[in-house]
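Q: Submitted below is the structure of interest, expressed as structure tokens.
The values are calculated or read from the model by the stated rules, or taken from the named source; none is laboratory data. Note that the structure is predicted; figures quoted are calculated from it, not measured. No Cβ is skipped: glycine too gets one built from the backbone with ideal geometry, and neighbour counts run over all protein chains shown.
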């Protein structure tokens, strides 16, 4: 039995009720339905806002972060007034302001193998707005094992991907990506940046796919992957097929319960990585400043991109963007003391790995990147 | 000449070029020509043993080459290979 709509709700949803594909019955379906949104960041913001506005009766939010200043360029569910507030609480407040008639359940915890089945089992479908590989594989596997659709969206710089993975009717995420890329081989938005509008576009499309699935209307994006390029303003679709050897949704699955996703991906899924190598490979900003002040000869290599020099710089540093470093090794002297740095320590960690594997030993990674340098040594420049 | 369309994460290795014309009559030859033109791409696409990495997804027009003849799939003059990356999002 579908729930009835009050007169107030009929007025609120009147633009839906006018569409024959939704109508009164569709709106009552939405009221009876539930969606779990993984992440309340760039993608999760529009997903949660539009699902709330559309009248999805019960929406779950999973996130463990707090709202930070650099989130607000794209995470539009949050605001300046909720800086420092738990993201799930900030999002719930905004959603209930938009639509007090829905139920918002918050899970202020990382989505892990330990809690994922318990959290996800009571929802009709899952929307993956996460930002790391372990959580993406986890979201996929949870959906395959529970027999639920997973509305997938992912973004980088100006490009977005969208699909609906439903192993009962088509391929899953593992059919397309059987294995994650090795750690560090794919830049993240934290290093490569992302246009703020892009998660808005992809996340809004995820919300649309979720609503279509809940209503049972239209052609869901099952078995197709959409590739969106915001710079070219191009949209392409490729066909996805079930992989007969898929380890979780194939005929002879190896994976029958959740696994250790951080080990599988070789990266942490939950805690922020500071790019620190640990051991003797790190140097702090304070230590570097002291050694330079003593007149030690240390070659500084900035592995950021040229346009980042306009934001901040360390004087005397040579710019060799990470992507070009491999081609410039012959210009570097392995007998010389070197410190590599980037914005926050991730790219320079990869530069360090590259240099060490090429035989360089007198090289260190500036812990926390130029942002740490700015905070500790040269506060006249901005942190970004 | 066939072309390979590269995703944003790999464009830093091609000086920002997106569509790369390549020589070759098969997917394998086209990919090798790509890494000949841009050697720093190689470790991102191939293992140390010279195998294409399993997370490298290649689509010929809109079809996954694994569902065709894999890297032996023949290429026509105007074919376009699309390289689809694994991207996870924003984790810092």
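Q: Quick one: how many residues across region A:259-285 are modelled with pLDDT of 65 or more and within 23 Å of residue A:361 (Cβ to Cβ)? Walk me through it before giving the result.
A: So in region A:259-285, the residues modelled with pLDDT of 65 or more come out as A:259-269, A:280-285.
If we keep only those that are within 23 Å of residue A:361 (Cβ to Cβ) as well, we get A:280-285.
Going through region A:259-285 one residue at a time, the tally reaches 6.
Q: With region A:275-384 as the region, which helices (runs of 4 or more DSSP H) entirely inside it contain at least 2 residues that are touching a helix residue (DSSP H, G or I) at 6+ places or on another chain (Cβ under 9 Å), within 14 Å of another protein chain (Cβ to nearest Cβ) and touching a residue at least 24 places away in the same chain (Cβ under 8 Å)? Steps first, please.
A: Numbers: elements: A:285-293, A:322-325, A:346-357, A:369-376.
It comes to A:322-325, A:346-357, A:369-376.
Q: Sticking with this structure for a sec: Of the residues that make up region A:7-26, is at least one touching a strand residue (DSSP E or B) at 6+ places or on another chain (Cβ under 8 Å) and either touching a residue at least 12 places away in the same chain (Cβ under 8 Å) or in a strand (DSSP E or B) (or both)?
A: In the first step, residues of region A:7-26 are kept if they are touching a strand residue (DSSP E or B) at 6+ places or on another chain (Cβ under 8 Å); the result is none.
No, region A:7-26 contains no residue that is touching a strand residue (DSSP E or B) at 6+ places or on another chain (Cβ under 8 Å) and either touching a residue at least 12 places away in the same chain (Cβ under 8 Å) or in a strand (DSSP E or B) (or both).
Q: Continuing with this model, one more query. Could you list, in sequence order, the residues of region B:15-36 that are at pLDDT 90 or above, farther than 16 Å from residue B:80 by Cα and within 13 Å of chain A (Cβ to nearest Cβ)? Spell out the reasoning first.
A: Pass one, region B:15-36, residues at pLDDT 90 or above: B:17-36.
Add one more test, that the residue is farther than 16 Å from residue B:80 by Cα, and what stays is B:35-36.
Correct list: B:35 only.
Q: Exactly one condition in (1) within 14 Å of chain B (Cβ to nearest Cβ); (2) within 15 Å of the chain's Cα centre (by Cα); (3) at pLDDT 95 or above is false for residue A:69; which is it?
A: Of the numbered conditions (1) within 14 Å of chain B (Cβ to nearest Cβ); (2) within 15 Å of the chain's Cα centre (by Cα); (3) at pLDDT 95 or above, the odd one out for residue A:69 is (2).
Q: Within region A:205-236, how many residues turn out to be surrounded by 17 or more Cβ atoms within 10 Å (Cβ to Cβ) and out of contact with any strand residue (DSSP E or B) (no Cβ under 8 Å at 6 or more places or on another chain)?
A: Adding up the residues that qualify gives 4.
Residue by residue, here is whether (1) within 11 Å of chain B (Cβ to nearest Cβ); (2) within 19 Å of the chain's Cα centre (by Cα); (3) closer than 16 Å to residue A:149 by Cβ holds:
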position	(1), (2), (3)
A:179	yes, yes, no
A:206	no, yes, yes
A:211	no, no, yes
A:214	no, no, yes
A:219	no, no, yes
A:227	yes, yes, no
A:236	yes, no, no
A:254	no, no, no
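Q: While we're on this one: How many of the residues in region B:37-82 are in a strand (DSSP E or B) and either away from chain A (no Cβ under 11 Å) or at pLDDT below 90 (or both)? Don't jump to the end; show me each part of the working.
A: Step one: of region B:37-82, the residues in a strand (DSSP E or B) are B:46, B:52, B:57-60, B:63-64, B:74, B:80-82.
Going one step further and asking which of them are either away from chain A (no Cβ under 11 Å) or at pLDDT below 90 (or both), we end up with B:46, B:52, B:74, B:81.
Number satisfying all stated conditions: 4.
Q: Do you know which residues across region B:23-51 are touching a residue at least 40 places away in the same chain (Cβ under 8 Å) and in contact with a helix residue (DSSP H, G or I) (Cβ under 6 Å, 6 or more places away or on another chain)?
A: Within region B:23-51, B:24, B:26, B:27, B:28 meet the criteria.
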